[in-house]
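Notes follow once the structure below has been shown.
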Amino acid sequence: MKTSKNKAKKLNNDSTKYGVNLVSDLYPTSDIAEQFRTVMTNISFTNVNDNIKSLMITSGDPSEGKSTFGSNLAVTYAKQGRNVILVDADMRKPTAHKTFNLSNREGLSTILSGHSKIEDAIKYTTIDNLNVITSGPIPPNASTLLGNRRLEDIVHKYNQPNDLVIIDVPPVNTMTDASIVSTIVDGTIFVVPQGVAEKKRTKLAVEQLKKINANIIGAVMNMSEDDLTDNYYYYYSK
Ligand SMILES: Nc1ncnc2c1ncn2[C@@H]1O[C@H](COP(=O)(O)OP(=O)(O)O)[C@@H](O)[C@H]1O
Ligand SMILES: [Mg+2]
């Protein structure tokens, strides 16, 4: 039955404790790393007239693979030579500081609350060209912070042709103001885990994004193997 299958494939919360799996960095010659390079090529082909300098990664619900996808995509672009700034805007379930082993004393929350300057909170990683703004300490008002103009300042600050800001936002169904972020970025990528996401939840999330005129440049279907081996397929949907 569909429901039990969905339950069986429901994902865990390990990434908040240990970070996500950076296959693209650890196994650059693997099939998965190759799939990320294909996704990157598809993004540039489908937006050939629009140099995409900022992207938002979201999905309908938590634990659907957003951070895994966003972080590996960030690594893939950085290895290609783009100056990448990965922003962890999922303040309810932050992972980037764990994934890249960084301090989280300063980060997006302290930038948005006016306690840190962007240039003080941004951190280098061990991967060339990849910089990260971690979530920062989780504030009680996490949801209202995302509508903050200072997030736009980050996108505007890294606006050179070679820059790419990738924002990992909370799931739109559980934190509706996450969709606001779509209005300040050049494109939104929607992650749909096969056999995990429920159709009506995905529909609800996409409707929410369309209502606010998000530029959804593509959808990624992940976890498409029954045995949950990491698999990604990119679909152009504009
Ligand atoms: N393609 C995939 N195949 C199998 N497991 C995955 C895949 N992507 C993510 N996961 C696992 O799912 C869990 C949630 O992933 P994460 O990227 O943190 O989701 P989100 O950011 O949407 O909350 C993690 O334990 C992660 O290792
Ligand atoms: Mg996440």
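Nothing in this text is a laboratory measurement; each read-out follows from the coordinates by a stated rule. Just so you know, these numbers come straight off a predicted model, no measurement behind them. Glycine also receives a Cβ, built like all others from the backbone with ideal geometry; neighbour counts cover every protein chain displayed.
Between Asn13 and His156, 0.36 nm times their residue separation minus their Cα-Cα distance comes to what? Could the numbers behind the result be given before it?
On the way: separation 143, 0.36 × 143 = 51.48 nm, distance 3.25 nm.
Here the answer is 48.2 nm.
Count the net charge of all other residues whose Cβ sits under 12 Å from the Cβ of Arg201, scoring Lys and Arg as +1 and Asp and Glu as -1. Don't skip to the end; give the middle numbers.
On the way: positive: Lys199, Lys200, Lys203; negative: Asp61, Glu64, Glu198, Glu207.
For residues surrounding Arg201, the net value is -1.
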Between Val192 and residues 5 or more places away or on another chain, the pairs with built amide H atoms under 5 Å apart involve Val220, Met221, Asn222
Could you tell me the number of lysine pairs in the stretch 15-129 with C-alpha atoms less than 25 Å from each other, where the two lysines are 8 or more residues apart or belong to different chains? 19
Work out how far the C-alpha atoms of the chain reach from end to end along every principal axis, then list the three figures in whole Å, largest first. 51, 39, 37
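Tell me the GluC sites (Glu not before Pro) within the stretch 152-222 that lie in a loop according to DSSP and have at most 16 other beta-carbon atoms within 10 Å. Can you show the working numbers first?
On the way: sites: Glu152, Glu198, Glu207; in loops: Glu198.
Here the sparse-neighbourhood loop sites are Glu198.
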